[in-house]
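The values are calculated or read from the model by the stated rules, or taken from the named source; none is laboratory data. None of these values were measured; they are calculated from a predicted model. No Cβ is skipped: glycine too gets one built from the backbone with ideal geometry, and neighbour counts run over all protein chains shown. Heavy atoms of the whole protein, side chains included, go into the accessibility calculation; ligands, DNA and RNA do not. Shrake-Rupley method; radii C 1.70, N 1.55, O 1.52, S 1.80 Å.
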Amino acid sequence: MTCWETIGAYAFRSIGLGERMLPKSDFTICQQFTLIGSGLIWNIYYGALALFVGFFFANALALAKSARSPWLRKPADWFIFTFRGSPLFIQFFLAYQTFVLLPKGGIDVLGITVHTDWLTKAWAGALVVLFLNTAAYSAEIFYGALRSVPKGDIEAADAYGITGFKRFRRILWPTMLRLGWPAYTNEAIFLFHATTLVFFSSFPAFRQQGDALYYASYFADKTYNPFIPYPIVGFYFICLTLALTFAFNAVNKHLNRHLPSNQRARIRLRPQLIR
């Protein structure tokens, strides 16, 4: 089987497309690159969805933590403290044990049966844990940025009569994002790296269609040589980190586009005719 045939057969195996059986012998570099890259689809799935949903939940948690009412502030504070204070791997383990205890037939809510068996699968249960974890870390970042909003901006908004949600949408929220975005970029990178822990968690892979580390471990066990598959995983994540950095830097430039330091100075020709 040529390399192009290998790519065609295994490029999307992790999502159930292509060849079902894994290679048993005569492992090539092309097979390892292809299958590990196929498994990376799941890592991107975990990271992208957890980051997208967690972003909005983190904003809500940051606002709740900065609220005056203790009924909003205390639950948000304890949620952030719990998920930031405990190891992510322990969160995976406890979440799986909790989801297993749920009734297999589902839970009846107002006469409607809500199925819970899907929470014990990696594609859903592990995603919930990653979502809650990144929301807690991101909320602390946005809370610190919200506290760092210059008072002059708030006073200027009050002077113009901008109050309530309009002030938050036009003044506080853009400034909060601008101040907290560099730290949030690091959190996004750490989140995608943390998706490798799904392989070590209790959540089972869907029909042996696991993530990048699943296939790297398979090749390492078969060949007794970990120095090829695991560096391939590292290479893929380095490329993923570069892509994330480029995308988040583009957003950061957009958020700071109004600042004088980000505006290109125009060259003006001013001939001095009279001395």
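At a glance:
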quantity: Residue tally, condition open to solvent by less than 10 Å² (accessible area, probe 1.4 Å) and of a type in the set (A, V, I, L, M), over the stretch 115-144; calculated: 8
quantity: Hits in the stretch 1-49 (condition: touching a Gly at 6+ places or on another chain (Cβ under 6 Å) and part of a loop (DSSP other than H, G, I, E, B)); calculated: Phe12
quantity: Flag for Leu197 being closer than 17 Å to Tyr10 by Cβ and within 23 Å of the chain's Cα centre (by Cα); calculated: no
quantity: Scan of the stretch 145-157 for residues that are surrounded by 12 or more Cβ atoms within 10 Å (Cβ to Cβ) and out of contact with any Lys or Arg (no Cβ under 6 Å at 6 or more places or on another chain), ordered by number; calculated: Ala145, Leu146, Arg147, Val149, Asp153, Ile154, Ala156
quantity: Condition check for Lys65: charged (D, E, K, R), crowded, with 18+ Cβ neighbours inside 10 Å and within 28 Å of Ser138 (Cβ to Cβ); calculated: yes
quantity: Residue ID - nearest to Asp211 (Cα to Cα), chosen from residues in the stretch 127-182 that are touching an Asp or Glu at 6+ places or on another chain (Cβ under 7 Å) and in contact (Cβ under 8 Å) with a residue 24 or more places away in the chain; calculated: Thr134
quantity: Filter pass, Ile36 being within 18 Å of the chain's Cα centre (by Cα) and of a type in the set (Val, Ile, Thr); calculated: no
quantity: Residue tally, condition farther than 20 Å from Leu213 by Cβ and loosely packed, with under 15 Cβ neighbours inside 10 Å, over the stretch 8-20; calculated: 3
quantity: Cβ-Cβ under 7 Å pairs, at least 6 apart or on other chains, the stretch 209-227 side farther than 18 Å from Ser14 by Cα and in contact (Cβ under 8 Å) with a residue 24 or more places away in the chain, far side of a type outside the set (S, T, N, Q) and not in a helix (DSSP H, G or I); calculated: Lys222/Phe27; Thr223/Phe27
quantity: Of all residues making up the stretch 228-241, the number that are closer than 15 Å to Ala48 by Cα and surrounded by fewer than 16 Cβ atoms within 10 Å (Cβ to Cβ); calculated: 1
quantity: Residues within the stretch 43-58 that are open to solvent by less than 60 Å² (accessible area, probe 1.4 Å) and in contact with a helix residue (DSSP H, G or I) (Cβ under 6 Å, 6 or more places away or on another chain), tallied; calculated: 7
quantity: Subset of the stretch 72-126 [without any contact (Cβ under 8 Å) to a residue 40 or more places away in the chain, of a type in the set (D, E, K, R) and in a helix (DSSP H, G or I)]; calculated: Arg73, Lys74, Asp77, Asp117
quantity: Subset of the stretch 207-253 (residues that are in contact with a Phe, Trp or Tyr (Cβ under 9 Å, 6 or more places away or on another chain) and assigned to a loop (DSSP other than H, G, I, E, B)); calculated: Gln208, Gly210, Asp211, Asn225, Pro226, Ile228
